[in-house]
Amino acid sequence: MARRKPGARKLLVKVAVAVLALLTVVVTLFPIYWLVITSIAPGEVVMTYPPHFIPSTFTLEWWEYTLKAIREPLINSLIISGTVAVVSSFTGLIAGYGFARFRRPDDKVLFWILSIRFMPAIVAIIPYYLPYYLLFSSLRMLDTHLAVIIPHLTIGIPFAVWMMRGVIVSVPRDLEEAALVDGCTRLGAVLRIVFPLVLPGFLVTMLFTFIWSWNEFMYALVLTDVKARVLTVTIAGMREAHGLMWGAVSAAALIATLPILLLAVLLQKYLISGLAFYGMKG
(Lines give C-alpha, C1' and ligand atoms only; values in the text may rest on other atoms or scores of the structure.)
Protein backbone atom coordinates (compact mmCIF):
# COMPACT_ATOMS: atom_id res chain seq x y z
CA MET A 1 0.00 0.00 0.00
CA ALA A 2 1.46 3.34 -1.07
CA ARG A 3 2.21 5.87 1.63
CA ARG A 4 0.87 9.39 1.42
CA LYS A 5 3.45 12.03 0.61
CA PRO A 6 4.31 14.49 3.41
CA GLY A 7 3.12 17.35 1.21
CA ALA A 8 -0.33 15.77 0.76
CA ARG A 9 -0.62 15.19 4.51
CA LYS A 10 0.22 18.83 5.27
CA LEU A 11 -2.33 19.94 2.68
CA LEU A 12 -5.03 17.79 4.31
CA VAL A 13 -4.18 19.26 7.71
CA LYS A 14 -4.39 22.81 6.35
CA VAL A 15 -7.74 22.08 4.68
CA ALA A 16 -9.12 20.54 7.89
CA VAL A 17 -7.96 23.52 9.93
CA ALA A 18 -9.46 25.95 7.40
CA VAL A 19 -12.80 24.12 7.41
CA LEU A 20 -12.86 24.04 11.22
CA ALA A 21 -12.01 27.75 11.39
CA LEU A 22 -14.76 28.54 8.86
CA LEU A 23 -17.32 26.55 10.85
CA THR A 24 -16.26 28.34 14.04
CA VAL A 25 -16.68 31.74 12.39
CA VAL A 26 -20.11 30.79 11.00
CA VAL A 27 -21.35 29.49 14.36
CA THR A 28 -20.00 32.58 16.13
CA LEU A 29 -21.42 35.15 13.72
CA PHE A 30 -24.75 33.45 13.00
CA PRO A 31 -26.52 34.96 16.07
CA ILE A 32 -25.52 38.43 14.87
CA TYR A 33 -26.73 37.62 11.36
CA TRP A 34 -30.02 36.38 12.79
CA LEU A 35 -30.43 39.60 14.81
CA VAL A 36 -29.91 41.65 11.66
CA ILE A 37 -32.40 39.56 9.66
CA THR A 38 -35.00 39.67 12.45
CA SER A 39 -34.64 43.43 12.85
CA ILE A 40 -35.43 44.14 9.19
CA ALA A 41 -38.06 41.44 8.55
CA PRO A 42 -41.81 42.16 8.86
CA GLY A 43 -43.59 40.79 11.90
CA GLU A 44 -45.46 38.08 10.03
CA VAL A 45 -42.18 36.83 8.55
CA VAL A 46 -40.42 36.77 11.93
CA MET A 47 -43.07 34.54 13.47
CA THR A 48 -43.30 32.00 10.62
CA TYR A 49 -42.19 28.40 11.05
CA PRO A 50 -39.93 27.06 9.70
CA PRO A 51 -37.93 30.30 9.87
CA HIS A 52 -36.82 32.16 6.76
CA PHE A 53 -33.06 32.52 6.87
CA ILE A 54 -33.21 34.88 3.87
CA PRO A 55 -36.49 36.85 4.00
CA SER A 56 -38.02 37.95 0.71
CA THR A 57 -39.41 41.22 2.14
CA PHE A 58 -37.79 43.80 4.38
CA THR A 59 -38.91 46.74 6.50
CA LEU A 60 -37.38 49.45 8.68
CA GLU A 61 -40.37 49.86 10.99
CA TRP A 62 -38.62 48.03 13.82
CA TRP A 63 -35.61 50.33 13.60
CA GLU A 64 -37.78 53.45 13.52
CA TYR A 65 -39.62 52.29 16.64
CA THR A 66 -36.44 51.20 18.42
CA LEU A 67 -34.48 54.40 17.79
CA LYS A 68 -37.26 56.39 19.42
CA ALA A 69 -37.81 53.96 22.30
CA ILE A 70 -34.20 53.55 23.43
CA ARG A 71 -32.89 57.09 23.07
CA GLU A 72 -33.08 58.02 26.76
CA PRO A 73 -32.29 54.50 28.10
CA LEU A 74 -29.19 54.43 25.90
CA ILE A 75 -27.97 57.71 27.38
CA ASN A 76 -28.75 56.45 30.90
CA SER A 77 -26.77 53.26 30.30
CA LEU A 78 -23.79 55.22 28.97
CA ILE A 79 -23.80 57.55 31.98
CA ILE A 80 -24.15 54.76 34.54
CA SER A 81 -21.72 52.30 32.96
CA GLY A 82 -19.14 54.97 32.15
CA THR A 83 -19.21 56.30 35.71
CA VAL A 84 -18.96 52.81 37.20
CA ALA A 85 -16.04 51.90 34.91
CA VAL A 86 -14.03 55.04 35.68
CA VAL A 87 -14.66 55.10 39.45
CA SER A 88 -14.13 51.35 39.87
CA SER A 89 -10.90 51.33 37.87
CA PHE A 90 -9.29 54.30 39.65
CA THR A 91 -10.39 52.98 43.04
CA GLY A 92 -9.07 49.57 42.08
CA LEU A 93 -5.75 51.16 41.08
CA ILE A 94 -5.24 52.80 44.48
CA ALA A 95 -6.58 49.90 46.56
CA GLY A 96 -4.81 47.32 44.38
CA TYR A 97 -1.54 49.18 44.94
CA GLY A 98 -2.08 48.96 48.69
CA PHE A 99 -2.74 45.21 48.52
CA ALA A 100 0.25 44.66 46.22
CA ARG A 101 2.75 46.63 48.30
CA PHE A 102 1.59 46.59 51.92
CA ARG A 103 -0.16 43.23 52.48
CA ARG A 104 1.02 39.63 52.35
CA PRO A 105 0.37 37.55 49.18
CA ASP A 106 -1.63 35.01 51.22
CA ASP A 107 -3.92 37.69 52.68
CA LYS A 108 -7.47 36.26 52.90
CA VAL A 109 -9.03 39.70 52.52
CA LEU A 110 -8.47 39.56 48.77
CA PHE A 111 -10.49 36.36 48.52
CA TRP A 112 -13.37 37.85 50.50
CA ILE A 113 -13.33 40.94 48.32
CA LEU A 114 -13.64 38.89 45.15
CA SER A 115 -16.20 36.52 46.72
CA ILE A 116 -18.79 39.30 46.46
CA ARG A 117 -19.08 38.38 42.77
CA PHE A 118 -19.43 34.65 43.36
CA MET A 119 -23.11 34.64 44.29
CA PRO A 120 -25.68 34.82 41.46
CA ALA A 121 -27.69 38.03 41.51
CA ILE A 122 -31.07 36.31 41.72
CA VAL A 123 -30.05 34.56 44.97
CA ALA A 124 -29.43 37.89 46.67
CA ILE A 125 -32.53 39.67 45.44
CA ILE A 126 -34.18 39.80 48.89
CA PRO A 127 -31.24 40.17 51.34
CA TYR A 128 -29.19 42.40 49.01
CA TYR A 129 -31.52 44.24 46.64
CA LEU A 130 -34.34 44.95 49.11
CA PRO A 131 -32.14 47.00 51.52
CA TYR A 132 -30.99 49.13 48.58
CA TYR A 133 -34.59 49.66 47.54
CA LEU A 134 -35.67 50.64 51.05
CA LEU A 135 -32.64 52.90 51.54
CA PHE A 136 -33.01 54.78 48.28
CA SER A 137 -36.77 54.94 48.73
CA SER A 138 -36.35 56.64 52.11
CA LEU A 139 -33.79 59.03 50.60
CA ARG A 140 -36.05 59.68 47.58
CA MET A 141 -33.30 58.51 45.24
CA LEU A 142 -35.19 55.81 43.39
CA ASP A 143 -35.21 56.12 39.61
CA THR A 144 -31.98 58.14 39.56
CA HIS A 145 -28.58 57.42 38.06
CA LEU A 146 -26.96 57.42 41.49
CA ALA A 147 -29.35 54.73 42.75
CA VAL A 148 -27.92 52.34 40.13
CA ILE A 149 -24.32 53.54 40.20
CA ILE A 150 -23.81 52.91 43.93
CA PRO A 151 -24.88 49.21 43.86
CA HIS A 152 -22.89 48.67 40.68
CA LEU A 153 -19.80 50.03 42.41
CA THR A 154 -20.18 47.47 45.19
CA ILE A 155 -19.56 44.81 42.54
CA GLY A 156 -17.25 46.69 40.19
CA ILE A 157 -14.76 47.94 42.78
CA PRO A 158 -13.92 44.49 44.28
CA PHE A 159 -13.35 43.13 40.79
CA ALA A 160 -11.15 46.09 39.85
CA VAL A 161 -9.13 45.77 43.09
CA TRP A 162 -8.43 42.12 42.39
CA MET A 163 -7.44 42.74 38.77
CA MET A 164 -5.28 45.79 39.41
CA ARG A 165 -3.50 44.14 42.32
CA GLY A 166 -2.38 41.33 40.00
CA VAL A 167 -1.03 43.86 37.49
CA ILE A 168 0.78 46.06 40.03
CA VAL A 169 2.57 43.07 41.59
CA SER A 170 4.47 42.66 38.30
CA VAL A 171 5.85 46.23 38.47
CA PRO A 172 9.36 46.36 40.04
CA ARG A 173 9.50 48.17 43.39
CA ASP A 174 12.84 49.76 42.46
CA LEU A 175 11.13 52.26 40.17
CA GLU A 176 8.90 53.56 42.95
CA GLU A 177 11.72 53.64 45.46
CA ALA A 178 13.83 55.71 43.06
CA ALA A 179 10.96 58.17 42.67
CA LEU A 180 10.51 58.38 46.45
CA VAL A 181 14.22 59.06 46.90
CA ASP A 182 13.96 61.90 44.38
CA GLY A 183 11.27 63.53 46.55
CA CYS A 184 8.09 62.17 44.96
CA THR A 185 5.19 61.38 47.26
CA ARG A 186 3.70 57.92 47.45
CA LEU A 187 0.59 59.04 45.52
CA GLY A 188 2.79 60.83 43.01
CA ALA A 189 4.82 57.65 42.50
CA VAL A 190 1.61 55.70 41.87
CA LEU A 191 0.27 58.19 39.34
CA ARG A 192 3.54 59.08 37.59
CA ILE A 193 5.47 55.81 37.71
CA VAL A 194 3.08 52.90 38.30
CA PHE A 195 0.05 54.11 36.36
CA PRO A 196 1.80 54.50 32.95
CA LEU A 197 3.30 51.01 33.34
CA VAL A 198 -0.03 49.35 34.19
CA LEU A 199 -2.09 51.39 31.72
CA PRO A 200 -2.90 48.38 29.47
CA GLY A 201 -4.17 46.39 32.46
CA PHE A 202 -6.03 49.45 33.72
CA LEU A 203 -7.86 49.87 30.41
CA VAL A 204 -8.75 46.18 30.29
CA THR A 205 -10.15 46.43 33.83
CA MET A 206 -12.14 49.49 32.82
CA LEU A 207 -13.51 47.65 29.80
CA PHE A 208 -14.56 44.63 31.87
CA THR A 209 -16.31 46.75 34.51
CA PHE A 210 -18.04 48.75 31.79
CA ILE A 211 -19.30 45.57 30.13
CA TRP A 212 -20.60 44.19 33.44
CA SER A 213 -22.44 47.40 34.31
CA TRP A 214 -23.75 47.73 30.75
CA ASN A 215 -25.24 44.22 30.83
CA GLU A 216 -26.53 44.29 34.43
CA PHE A 217 -30.30 43.87 34.72
CA MET A 218 -31.49 43.13 38.27
CA TYR A 219 -30.35 46.33 40.02
CA ALA A 220 -31.66 48.49 37.19
CA LEU A 221 -35.00 46.65 37.21
CA VAL A 222 -35.51 47.06 40.96
CA LEU A 223 -34.16 50.61 41.40
CA THR A 224 -35.39 52.42 38.27
CA ASP A 225 -38.76 53.14 36.73
CA VAL A 226 -38.87 55.70 33.91
CA LYS A 227 -36.31 58.51 34.26
CA ALA A 228 -33.22 56.34 34.85
CA ARG A 229 -34.34 53.22 33.00
CA VAL A 230 -31.41 51.56 31.26
CA LEU A 231 -31.15 49.70 27.99
CA THR A 232 -31.37 46.17 29.38
CA VAL A 233 -34.65 46.88 31.16
CA THR A 234 -36.05 48.67 28.12
CA ILE A 235 -35.25 45.75 25.83
CA ALA A 236 -36.91 43.29 28.22
CA GLY A 237 -40.01 45.50 28.23
CA MET A 238 -40.50 45.57 24.47
CA ARG A 239 -43.70 43.56 24.39
CA GLU A 240 -47.01 43.54 22.62
CA ALA A 241 -50.21 41.51 22.93
CA HIS A 242 -48.80 38.18 21.72
CA GLY A 243 -45.37 38.45 23.37
CA LEU A 244 -42.00 40.04 22.69
CA MET A 245 -41.56 42.43 19.78
CA TRP A 246 -38.79 40.34 18.30
CA GLY A 247 -37.93 42.80 15.56
CA ALA A 248 -37.56 45.69 17.99
CA VAL A 249 -35.68 43.52 20.48
CA SER A 250 -33.24 42.45 17.77
CA ALA A 251 -32.66 46.02 16.62
CA ALA A 252 -32.12 47.20 20.21
CA ALA A 253 -29.76 44.29 20.91
CA LEU A 254 -27.67 45.26 17.88
CA ILE A 255 -27.50 48.85 19.05
CA ALA A 256 -26.57 47.68 22.55
CA THR A 257 -23.55 45.80 21.19
CA LEU A 258 -22.13 48.84 19.38
CA PRO A 259 -20.53 50.60 22.41
CA ILE A 260 -18.83 47.37 23.48
CA LEU A 261 -17.52 46.72 19.98
CA LEU A 262 -16.38 50.32 19.63
CA LEU A 263 -14.48 50.21 22.92
CA ALA A 264 -12.92 46.86 21.99
CA VAL A 265 -11.72 48.28 18.66
CA LEU A 266 -10.35 51.46 20.24
CA LEU A 267 -8.55 49.52 22.99
CA GLN A 268 -7.47 46.67 20.76
CA LYS A 269 -3.76 47.42 20.99
CA TYR A 270 -3.97 47.41 24.80
CA LEU A 271 -6.02 44.25 25.17
CA ILE A 272 -3.29 41.71 24.38
CA SER A 273 -0.64 43.38 26.53
CA GLY A 274 -3.17 44.01 29.29
CA LEU A 275 -4.38 40.43 29.38
CA ALA A 276 -0.74 39.28 29.38
CA PHE A 277 -0.29 41.12 32.69
CA TYR A 278 -2.98 38.91 34.26
CA GLY A 279 -1.00 35.82 33.38
CA MET A 280 1.84 36.98 35.58
CA LYS A 281 2.17 36.36 39.28
CA GLY A 282 -0.55 37.90 41.39
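The values are calculated or read from the model by the stated rules, or taken from the named source; none is laboratory data. Not measured: the values here are computed from a predicted model. Ideal geometry is used to build each Cβ from the backbone, glycine not excepted, and the neighbour counts take in all protein chains shown. For accessibility, only protein heavy atoms count, side chains too; no ligands or nucleic acids. Shrake-Rupley method; radii C 1.70, N 1.55, O 1.52, S 1.80 Å.
Screening L74 with (1) modelled with pLDDT of 90 or more; (2) open to solvent by 30 Å² or more (accessible area, probe 1.4 Å); (3) under 28 Å from L197 (Cβ atoms) gives one miss only, at (3). The residues in region 199-242 that are assigned to a helix (DSSP H, G or I), within 25 Å of P131 (Cα to Cα), open to solvent by less than 30 Å² (accessible area, probe 1.4 Å) and of a type outside the set (V, I, T) can be counted, and the count is 7. With the structure loaded, tell me whether M164 is touching a Leu at 6+ places or on another chain (Cβ under 6 Å), in contact (Cβ under 8 Å) with a residue 24 or more places away in the chain and under 30 Å from L223 (Cα atoms) or whether it fails that test. Here the answer is yes, as M164 does meet what is asked. Based on this model, can you work out whether I94 counts as more than 21 Å from the chain's Cα centre (by Cα), part of a helix (DSSP H, G or I) and modelled with pLDDT of 85 or more? When the stated conditions are applied, I94 passes them. Scanning region 38-65 for residues that are touching a Ser or Thr at 6+ places or on another chain (Cβ under 8 Å) and assigned to a helix (DSSP H, G or I) yields T38, S39, I40, V45, V46, W62, W63.
On the given criteria, is V171 assigned to a helix (DSSP H, G or I) and closer than 14 Å to G96 by Cβ?
For V171, the condition - assigned to a helix (DSSP H, G or I) and closer than 14 Å to G96 by Cβ - is not met.
Of the set (1) open to solvent by 50 Å² or more (accessible area, probe 1.4 Å); (2) closer than 28 Å to F208 by Cα, all apply to A18 but (2). Restricting T66, T24, T48 to residues that are more than 30 Å from T144 (Cβ to Cβ), at pLDDT 90 or above and not hydrophobic (A, V, I, L, M, F, W, C) narrows the list to T24. For region 172-190, state whether one or more residues are open to solvent by less than 50 Å² (accessible area, probe 1.4 Å) and either within 20 Å of the chain's Cα centre (by Cα) or within 18 Å of V87 (Cβ to Cβ) (or both). Yes, some residue in region 172-190 is open to solvent by less than 50 Å² (accessible area, probe 1.4 Å) and either within 20 Å of the chain's Cα centre (by Cα) or within 18 Å of V87 (Cβ to Cβ) (or both). Report whether or not S273 is at pLDDT 90 or above and of a type outside the set (A, V, I, L, M, F, W, C). Here the answer is no, as S273 does not meet what is asked. Just wondering, is there one or more residues in region 243-253 that are surrounded by fewer than 17 Cβ atoms within 10 Å (Cβ to Cβ), on the phi < 0 side of the Ramachandran plot, at pLDDT below 90 and more than 15 Å from the chain's Cα centre (by Cα)? Within region 243-253, one or more residues are surrounded by fewer than 17 Cβ atoms within 10 Å (Cβ to Cβ), on the phi < 0 side of the Ramachandran plot, at pLDDT below 90 and more than 15 Å from the chain's Cα centre (by Cα).
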